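Note sheet for the following structure.
The values are calculated or read from the model by the stated rules, or taken from the named source; none is laboratory data. Predicted, not measured: the structure shown is a model, and the values here were computed from it. Neighbour counts are summed over all protein chains in view; Cβ atoms, including those assigned to glycine, are modelled from backbone coordinates with ideal geometry.
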Amino acid sequence: MYEPVLVKYLRCLFELCAEDGIQYIEVRMNCTPKEILAADGVSTIDRDQFIAIFKSVRDGYTEQLRAAGKRDLFQGAKVCPFVSFSFLVLRELT
């Protein structure tokens, strides 16, 4: 995944949830550093950067709703990051 696409994806996720009447979500996403390419196109972002991006997009969206008097449409979101172990070979797990 590429950071600018991630930002657009998260924004669309929050907007669609609000449109569907979902006021609060908990998102579970695999955010291992090797999987998200930074905006510079060279480096990758780590878990803390991923969470910061998530919070920034969420806060920006909720602030926009608040300013428009529509804060009740979306109360917020929480990210629950996890690490995929599918890339590990079996002997590394035992």
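Values as computed for the structure displayed
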quantity	calculated
Cβ pairs under 8 Å, 6+ apart, first in segment 29-47 and assigned to a helix (DSSP H, G or I), second at pLDDT 80 or above and not basic (Lys, Arg)	Pro33/Thr44; Pro33/Ile45; Pro33/Asp46; Lys34/Thr44; Glu35/Thr44
Tally, over segment 40-63, of residues that are among the hydrophobic types (A, V, I, L, M, F, W, C) and at pLDDT 90 or above	4
Residue in segment 64-83 that is modelled with pLDDT under 90, under 10 Å from the mean Cα position of the chain (by Cα) and surrounded by 10 or more Cβ atoms within 10 Å (Cβ to Cβ) present	yes
Verdict on Ile53 being of a type outside the set (Gly, Ala, Ser) and in a loop (DSSP other than H, G, I, E, B)	no
Total residues in segment 27-37, condition at pLDDT 85 or above and surrounded by fewer than 15 Cβ atoms within 10 Å (Cβ to Cβ)	0
